[in-house]
4 protein chains.
Amino acid sequence: MRILFVGDVFGSAGRRIVREHLGHVVEQHEVDLLIINGENAAGGFGLTPAIADELFELGAHVITTGNHVWDKREIIEYMKSVPEDSHENPRRVIRPANYVAGTPGYGFYQGQLPSGQEYAVINLQGRVFLGSSDDPFRTADALLKQITAKVILIDFHAEATSEKAALGWYLDGRVTAVLGTHTHVPTADDRVLPGGTAYQTDVGMSGPYDSIIGVEKELVLQRFLTGMPGKFEAAKGDPRMAATLIECDGATGRASRTQRFLLGE
Amino acid sequence: MRILFVGDVFGSAGRRIVREHLGHVVEQHEVDLLIINGENAAGGFGLTPAIADELFELGAHVITTGNHVWDKREIIEYMKSVPEDSHENPRRVIRPANYVAGTPGYGFYQGQLPSGQEYAVINLQGRVFLGSSDDPFRTADALLKQITAKVILIDFHAEATSEKAALGWYLDGRVTAVLGTHTHVPTADDRVLPGGTAYQTDVGMSGPYDSIIGVEKELVLQRFLTGMPGKFEAAKGDPRMAATLIECDGATGRASRTQRFLLGE
Amino acid sequence: MRILFVGDVFGSAGRRIVREHLGHVVEQHEVDLLIINGENAAGGFGLTPAIADELFELGAHVITTGNHVWDKREIIEYMKSVPEDSHENPRRVIRPANYVAGTPGYGFYQGQLPSGQEYAVINLQGRVFLGSSDDPFRTADALLKQITAKVILIDFHAEATSEKAALGWYLDGRVTAVLGTHTHVPTADDRVLPGGTAYQTDVGMSGPYDSIIGVEKELVLQRFLTGMPGKFEAAKGDPRMAATLIECDGATGRASRTQRFLLGE
Amino acid sequence: MRILFVGDVFGSAGRRIVREHLGHVVEQHEVDLLIINGENAAGGFGLTPAIADELFELGAHVITTGNHVWDKREIIEYMKSVPEDSHENPRRVIRPANYVAGTPGYGFYQGQLPSGQEYAVINLQGRVFLGSSDDPFRTADALLKQITAKVILIDFHAEATSEKAALGWYLDGRVTAVLGTHTHVPTADDRVLPGGTAYQTDVGMSGPYDSIIGVEKELVLQRFLTGMPGKFEAAKGDPRMAATLIECDGATGRASRTQRFLLGE
Ligand SMILES: [Fe+2]
Ligand SMILES: [Fe+2]
Ligand SMILES: [Fe+2]
Ligand SMILES: [Fe+2]
Ligand SMILES: [Fe+2]
Ligand SMILES: [Fe+2]
Ligand SMILES: [Fe+2]
Ligand SMILES: [Fe+2]
């Protein structure tokens, strides 16, 4: 079985490059399960229901997010519009599971592919350099007790490499993959840990690489150079799709292979 | 002309794997200039004069460091033992140039290869998530005014991907390379920016990859899981050398190509 | 009923000044319940069993702590040496209740005064600028469900004024007092909130005020000025005891009055 | 000679309570020099030229600011509208002096009272928990070299008590006063250090104390409890003016006495 995870889609340039490449990658690599991190899909900040639907139309089974999830407020009602046991689109957009109890939306999704193959996707957020949330390690433990699927992918949206590696090792042998997001830079350390869990510190951004992590570089530079406030705008140039393919055994959930993509125009 | 930059050497496992690979990489790729980040070379924390000399014997022209530079106190006297215009080993161990004026040691080194080719190496440290230091952008500007070499490599020891990318773009066309260190994870974004500056967010650690960024993984995991204090020890397993090769024009300093290495046993 | 809370006792100078003043303050103000924050009592970093016993001999009913609690390792076994339902000294040394489940020791203590008056003391730690722990707001909610005493004092060990004020208002009317610790500087905002909860952002340090928050000022200054590492040592000069007195109704737990002390030699 | 420093004026409630009390305090205590921190005067976030002028009409000689200085963009042009040697109102609104070179506005102001008494006011910003800026210690050193006035007051806008105390001791005997701002909570540690410098960790906010550091408490609490975004609005209830009076020798600049005010309706 093959899972493709597409890293943080950033703005219209990101959506465009993903649209351009997704079809042939999915077809060529016989991808069964497609997961997209969409936290920056709407102009770089958050995602709207319309943009979520756009990503579902591209074939996404589940959309994960991160700290930018609420940047566009419409997504709140969208995510609240379905009950927990729904399988409709709004239920398939998830936010970090270790947000405080009562947060709108859900932190994981369990579904079934047409083949009958069960799978689950969990979204977690780190705490080092990234605001307060519940313990991602304990939240993972708790969720794994209720999840019955063998194939389980975790999008760990976090800043610090130490925290990401720690979660990977902590869950090695218990989930199919721990893939990092948030830094917007793909790391070259994708591999299968000894217990059978695929791991990568960060999948990287699917968006404009002629930028500073997605934003127009002059705007970010001005911020660093002057300390003066200023609006950030999504860049457009040099779009690339960053994604990672995981091959695993559908019966056991054990990963056997990872492959990185960074596809430009 | 070819420059090889070896990422943060971590502990004895890191030194061993570097010793194993450096010779053939240098020979095969006809490396002219060799730079090694040694901030974790001594048991994962700092470096000693003896270990610095060990890295020089492997062929390093310059050793860069970062926030762990003072972890072993002996290095302070070593770095202070030479005048600024020296070219002896202690002068070739540098610390971030944007540390406060009066800090022991020097923040850049300018030298000459046997061929007569001049080069300079600058070490800078980021400020996002990483303690206070002087402005790395302005420090770079100031140093570039005094440096006469055309070939200039910068080791930017920093945490945040945004700050690293910002410095890369800021110096594009003005230096040969801006290579990141500190996160201990190699990134897959090495490339030559349009102005001719080679850029990579992080070269990655040369050390034990069966670890959490170099440290025994059980020790780091315990820290994350319990919050209790505990001694960190360098791991040994799965050593790999992370390095990046830059091809550039010695006359202009413009980079033309980058190549990543992650070499295991 | 009167409660006296003594702020972070710092080193031997702090212990000495507390010993000097505590007796007459307790006697003159007819203090019924005495609580001391002891996280810095042993040389400025942590506390030992012997020093805890020393504070109990001065009349403390409960000793609270904070982020420095484990600096002296002996305290771990001491706090683990008693079962949860004990009332012996080691059970009366508490650590922040929102540390991860399984942490040695206990996060609150409920006891009875000779008069039969019941009371409880809760220790919590903030999360803004201060490392990861469980949600202090939700932890307080959960503990208040199990506590039967009406008189409840909370030592909120936290950095940010916003988080401290937020907890004070959150618990207003539900506890007798929310007193802040950790910054080592007494604040002049002690008062009774409308719901009957005494509040003060920080009680301040009981220790040497000829210092930088307790530490020899030259050592801290050198750190700020040079960025170089160096050992911190407890200062001795100008010791003062910082404490806050709360008057409350023992039957309802409502506070009626606060009074600040900053007593020197 | 007497100096009155009024802490961060917060929103309309802050402006109103200051207007109510300033006249009689200035008169009763024969205040010669009046300095107001205005970084939150406009609805809690920044200040406008009109509001700056309003504070000058109340008698302010100098308005200091801090990290919120640019929240209202109009202030940028206002501060740039005068040359460095001007003494007009826009020149008397200062921003932290350790912002990067080239930042709009000025970081200190030197003026003369009608009596002929010279004075200077310096604004600095801390770096611990508060974003990157130049070294406040070195910036102070540099400014003190150019300032000829003997009476010098520093508004140190900073978060950490350690950094504030460190600057106080560093400048003891070299300036008349180091007064902290930014935390919005007055501290009870105002005093004259041995060298003759008045010091207080934080003067506190002049604004609504029925709030969480000035903001409507329900809004801040929701943020802490849910992590969801939401607009912050200035509170109105329980306004108090927080100010500190410094008595000093105009000829030497040495302080002899401090007095705290926290005046409500
Ligand atoms: Fe993102
Ligand atoms: Fe993110
Ligand atoms: Fe390192
Ligand atoms: Fe480092
Ligand atoms: Fe403390
Ligand atoms: Fe503390
Ligand atoms: Fe303020
Ligand atoms: Fe501020």
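The values are calculated or read from the model by the stated rules, or taken from the named source; none is laboratory data. What you see is a predicted model, and the numbers here were worked out from it, not measured in a lab. Here the Cβ is made from the backbone with ideal geometry for all residues, glycine too, and neighbour counts use every protein chain on show. Areas reflect the complete protein model, heavy atoms only, side chains present, ligands, DNA and RNA absent. Shrake-Rupley method; radii C 1.70, N 1.55, O 1.52, S 1.80 Å.
Do we have C:Ala101 as at pLDDT below 95 and not β-branched (Val, Ile, Thr) here? Here the answer is yes, as C:Ala101 does meet what is asked. Among the conditions (1) in contact (Cβ under 8 Å) with a residue 40 or more places away in the chain; (2) surrounded by 20 or more Cβ atoms within 10 Å (Cβ to Cβ), the only one that A:Arg92 does not satisfy is (1). Just checking, does segment A:171-192 include any residue being in a helix (DSSP H, G or I), at pLDDT 95 or above and within 19 Å of the chain's Cα centre (by Cα)? Checked segment A:171-192: at least one residue is in a helix (DSSP H, G or I), at pLDDT 95 or above and within 19 Å of the chain's Cα centre (by Cα).
Scan segment D:202-246 for residues that are touching a Leu at 6+ places or on another chain (Cβ under 8 Å), within 18 Å of C:Lys164 (Cβ to Cβ) and assigned to a strand (DSSP E or B) and the total you get is 3.
Criterion applied to D:Thr197, D:Thr187 was being within 16 Å of ligand 5 (Cβ to nearest atom) and in contact with an Asp or Glu (Cβ under 8 Å, 6 or more places away or on another chain), and the one residue passing it is D:Thr187. Considered as a group, the residues in segment C:69-103 that are within 13 Å of the chain's Cα centre (by Cα) and within 12 Å of chain B (Cβ to nearest Cβ) include one that is nearest to C:Ser206 (Cα to Cα), and that residue is C:Val69. The single condition among (1) touching a strand residue (DSSP E or B) at 6+ places or on another chain (Cβ under 7 Å); (2) of a type in the set (Phe, Trp, Tyr); (3) open to solvent by 20 Å² or more (accessible area, probe 1.4 Å) that A:Phe45 does not satisfy is (1). Taken over segment D:114-124, the criterion of being open to solvent by 10 Å² or more (accessible area, probe 1.4 Å) and either in a loop (DSSP other than H, G, I, E, B) or not charged (D, E, K, R) (or both) is satisfied by D:Pro114, D:Ser115, D:Gly116, D:Gln117. Checked against the criteria, A:Thr64 does not count as within 14 Å of chain C (Cβ to nearest Cβ) and either open to solvent by less than 50 Å² (accessible area, probe 1.4 Å) or within 16 Å of ligand 4 (Cβ to nearest atom) (or both). Of the residues making up segment D:193-224, those that are under 16 Å from the mean Cα position of the chain (by Cα) and closer than 21 Å to C:Arg127 by Cα are D:Ile213, D:Gly214. Exactly one residue out of B:Leu262, B:Leu193 is facing another protein chain (nearest Cβ under 8 Å) and either surrounded by fewer than 24 Cβ atoms within 10 Å (Cβ to Cβ) or touching a Ser or Thr at 6+ places or on another chain (Cβ under 7 Å) (or both): that is B:Leu262.
Among the residues making up segment D:177-190, those that are within 8 Å of chain C (Cβ to nearest Cβ) and in contact (Cβ under 8 Å) with a residue 60 or more places away in the chain are D:His184, D:Pro186, D:Ala188. The lone criterion from (1) over 12 Å from the mean Cα position of the chain (by Cα); (2) open to solvent by less than 50 Å² (accessible area, probe 1.4 Å) left unmet by A:Arg2 is number (2). No other residue among C:Ser211, C:Ser206 is buried (at least 21 other Cβ atoms within 10 Å of the Cβ), within 11 Å of chain D (Cβ to nearest Cβ) and under 24 Å from D:Val185 (Cα atoms) apart from C:Ser211. Within segment C:178-195, restricting attention to residues that are closer than 26 Å to C:Gly44 by Cα and small (Gly, Ala, Ser), the residue that is farthest from ligand 1 (Cβ to nearest atom) is C:Ala188. Against the test of being within 16 Å of the chain's Cα centre (by Cα), farther than 22 Å from D:Gly230 by Cβ and more than 16 Å from ligand 3 (Cβ to nearest atom), the options A:Gly66, A:Gly59 yield a single qualifying residue, A:Gly59.
Checking B:Ala149, B:Ala140, B:Ala158 one by one, the residue that is more than 25 Å from B:Gly250 (Cα to Cα), of a type in the set (A, V, I, L, M, F, W, C) and either away from every other protein chain (no Cβ under 11 Å) or within 16 Å of ligand 5 (Cβ to nearest atom) (or both) is B:Ala158 and no other. For segment D:102-113, the tally of residues that are touching an Asp or Glu at 6+ places or on another chain (Cβ under 9 Å) and in a loop (DSSP other than H, G, I, E, B) stands at 3.
Here is the figure for segment D:80-101: residues that are touching a strand residue (DSSP E or B) at 6+ places or on another chain (Cβ under 6 Å) and not in a loop (DSSP other than H, G, I, E, B) total 2. Does segment A:226-234 include one or more residues that are open to solvent by 20 Å² or more (accessible area, probe 1.4 Å) and closer than 24 Å to A:Val175 by Cβ? No; the residues of segment A:226-234 include none that is open to solvent by 20 Å² or more (accessible area, probe 1.4 Å) and closer than 24 Å to A:Val175 by Cβ. A single entry from A:Ala140, A:Ala166, A:Ala149 fulfils the requirement of being open to solvent by less than 20 Å² (accessible area, probe 1.4 Å), in a loop (DSSP other than H, G, I, E, B) and out of contact with any Ser or Thr (no Cβ under 6 Å at 6 or more places or on another chain): A:Ala149. Scanning segment C:235-259 for residues that are more than 29 Å from D:Ala140 (Cα to Cα) and surrounded by fewer than 22 Cβ atoms within 10 Å (Cβ to Cβ) turns up C:Leu245, C:Glu247, C:Asp249, C:Gly250, C:Ala251, C:Thr252, C:Arg254, C:Ser256, C:Arg257, C:Thr258, C:Gln259.
For segment A:125-137, what are the residues that are surrounded by fewer than 22 Cβ atoms within 10 Å (Cβ to Cβ) and part of a helix (DSSP H, G or I)? Across segment A:125-137, the qualifying residue is only A:Phe137.
If only residues of segment C:67-89 that are of a type in the set (S, T, N, Q) and crowded, with 18+ Cβ neighbours inside 10 Å are counted, the one that is farthest from C:Leu113 (Cα to Cα) is C:Asn67. When B:Gly126 is tested against (1) under 16 Å from the mean Cα position of the chain (by Cα); (2) of a type in the set (Gly, Ala, Ser); (3) away from chain D (no Cβ under 14 Å), just one condition goes unmet, and that condition is (3).
Taking segment C:231-259, which residues are on the phi > 0 side of the Ramachandran plot and more than 10 Å from chain D (Cβ to nearest Cβ)? Selection gives C:Gly253 alone.
For segment B:163-176, a residue qualifies if it is of a type outside the set (Val, Ile, Thr) and either over 9 Å from B:Thr201 (Cα atoms) or touching a residue at least 40 places away in the same chain (Cβ under 8 Å) (or both), and the qualifying residues are B:Glu163, B:Ala166, B:Leu167, B:Trp169, B:Tyr170, B:Leu171, B:Asp172, B:Gly173, B:Arg174.
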